[in-house]
1. Sort out which residues of the range 149-167 are among the β-branched types (Val, Ile, Thr) and either closer than 11 Å to His245 by Cα or surrounded by fewer than 13 Cβ atoms within 10 Å (Cβ to Cβ) (or both), and write them in order of number.
2. Please name all residue pairs, on different chains or six or more residues apart, with Cβ atoms under 7 Å, provided the first residue is in the range 213-231 and is touching a residue at least 40 places away in the same chain (Cβ under 8 Å) and over 13 Å from Pro150 (Cα atoms) and the second residue is surrounded by fewer than 17 Cβ atoms within 10 Å (Cβ to Cβ) and among the β-branched types (Val, Ile, Thr).
3. If you scan the range 233-242, which residues turn out to be out of contact with any Asp or Glu (no Cβ under 6 Å at 6 or more places or on another chain) and at pLDDT 90 or above?
Amino acid sequence: MNEDTFQEHASFKLNRLNVFIALMLLTLFVVGITFAVIAYTPFREYIPGYSSIQVRKDALEMQEELDSLVEMTSQTQFLLKNTQKALVGDIPVTSLNKDSIIAIINKNKDSLNLKPSKDEIALRDAVDQEIRHNIGKTTDFKTKYALFTPVKGKISSGFSMEKEHYAVDIVVAKNTPIKAITEGTVIFASWTAETGYVIILKHPHNLISVYKHNSALLKKQGEYVKSGEVIAESGNTGELTTGPHLHFELWMNGKPVNPTNFIDFSK
């Protein structure tokens, strides 16, 4: 109403209905504005319980670095453990990385005494005599103890002492079942960068069998397996492989032997 002329400019009437509608519209407007601010602006980072994209990205990167450190620590512990076992003669040095061993030796070469003692020379002579004596017994071993064929297939690369290839490579289809040559205990079952999934069995009579480049391992370290039991599936894992095959090694009394002297891999 005009104060001078008392002319009415506008009028409105309040009642419960229009007041309620007005409050509901105002509430919806405030809720909509609040939702838009939280969903589409950086102000949501100041609300407890919300984190920024950068924080989550940094957390993910830190988790990946932590996983890498854990894996590196596990590999280092494995190398040290197997090095200790190899030094005391528990297992042959088949799964150790040659570069790692050379690095350890070079690091401590100043403190190493590489000149053999009289006792060491005598021990070497005794070992050589035992090896020569055991060579003649391989035929007896073959006739007394039948070894199960781990897998049948074509041999793409044979055993060669000159080339330091102490194994036979058998070409097979991927995921072909790999079987234990005889009863024994799993002393190693893990991943290596060069030969992929590897499993090693220790059998009676100082016999050790090695199976490399598998796609999957079906047994764990410490498990006992029977002759002919499936222990892995063939594959193409590791850096030193050119196709699906089984890299099979046979060690007797700590020395590599030609597996074809004891096992028939032909189909």
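The values are calculated or read from the model by the stated rules, or taken from the named source; none is laboratory data. Source: prediction; values computed, not measured. Positions of Cβ are backbone-derived with ideal geometry, glycine not excepted, and every protein chain shown enters the neighbour counts.
1. Start the filter on the range 149-167 by keeping residues that are among the β-branched types (Val, Ile, Thr), which leaves 149, 151, 155.
Hits for the range 149-167 are Val151, Ile155.
2. That search, which allows pairs on different chains as well, returns Tyr224/Thr185.
3. Within the range 233-242, Glu233, Ser234, Gly235, Asn236, Thr237 qualify.
Yes/no per residue for (1) on the phi < 0 side of the Ramachandran plot; (2) in a loop (DSSP other than H, G, I, E, B):
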| residue | (1), (2) |
| --- | --- |
| Lys163 | yes, yes |
| Ala173 | yes, yes |
| Thr185 | yes, no |
| Trp191 | yes, no |
| Glu194 | yes, yes |
| Tyr197 | yes, no |
| Ile200 | yes, no |
| Ser215 | yes, no |
| Gly222 | no, yes |
